[in-house]
Amino acid sequence: MSVTPPKRLNKQLQEESKIDFRVYIGIVLFRWQIIALCFLYSMLAAVVYLDFAPREYRSHCNLMIYRDSRIVGKSNQRYWEYLQPHVYMLRNRKTIESVIDKLAPEFAEDMGGRYKMNPKLSVGTGKGLNPMVQISVQSSNPKYCKAFLDALIEEHKERWNNIQRQSRNPAERAGAAGGKN
């Protein structure tokens, strides 16, 4: 036993499924002024927004740091943890203040004072084939953004080398004292 829909319902379904493009073409032809006006208003709004929106520039880099087998063990169990001291040092308030102090003579006036020279800084680790530290600096001045990133990397390199020297010197002295016996 099959159930068939009534003839009137079947006829309505056929009429609804037909699309008459002439209706849509008629709407476009007779209402083109409204469509053009809406398009122009949206373009005007986009131009005004782009003109008044604050500009933000971003400099970023991936810093590849090789692990020293004398410092980090041979196991891969904690492979990514040796990047954490670098991330901490790059985020450290003293490091950032030191970079701002170095750049203040050149950029303080352009940035509106030293207190406005602190950019948005993002530091994290990137996992992949080669472990990397990802650094991103965001500011309203593109030259300052690049200069801050360069100075931050140099400051980090100096501080890391200083830590390495400080930890190496007592070890060398202990090794030299042990070899004299």
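Every read-out reported here was derived from the displayed coordinates using simple, explicitly stated rules and does not represent laboratory data. Remember, predicted model here, so these are calculated numbers, not experimental data. Cβ atoms come from the backbone with ideal geometry, glycine included; neighbour counts cover every protein chain shown.
In what order do 132, 43, 117 fall by count of nearby beta-carbon atoms within 10 Å, going from fewest to most? Walk me through the numbers before you get to the answer.
Values: 132 17, 43 10, 117 21.
Ascending Cβ contact count within 10 Å gives the list 43, 132, 117.
When the label point is put 7 Å from the Cα of residue 82 along its Cα-to-beta-carbon vector, which residues of region 42-67 have a backbone N closer than 13 Å?
65-67, by backbone N distance to the label point.
Given the pairs 102/127; 94/120; 94/127, which are separated by over 22 angstrom at their Cα positions?
Working: 102/127 32 Å; 94/120 16 Å; 94/127 27 Å.
Check vs 22 Å cut-off fails for 102/127; 94/127.
In terms of modelled amide H atoms, which long-range or inter-chain residues lie less than 5 Å from the amide H of residue 140?
57
In what order do 167, 122 fall by count of nearby beta-carbon atoms within 10 Å, going from fewest to most?
Arranged by neighbour count, lowest to highest, 167, 122 become 167, 122.
What's log10 of I(q)/I(0) for region 106-150 at q = 0.21, 0.23, 0.28, 0.31 Å⁻¹, Debye sum over Cα points only, no solvent?
With no solvent term, the Cα-only Debye profile gives -0.69, -0.77, -0.99, -1.11.
Quick check on the exposure proxy: order 109, 155 from fewest to most C-beta atoms within 10 angstrom.
Values: 109 10, 155 21.
Ascending Cβ contact count within 10 Å gives the list 109, 155.
About the Cα centre of region 98-168, what is the dipole size in debye to 20, counting +1 per Lys and Arg Cβ and -1 per Asp and Glu Cβ, all else neutral?
Values: 11 positive and 8 negative charges, 65 e Å.
Result for region 98-168 is approximately 320 debye, rounded to the nearest 20.
Obtain the nm distance between the two label points defined at residue 127 and residue 38 by a simple spin-label model: each point lies 7 Å from its Cα along the Cα-to-C-beta direction.
4.8
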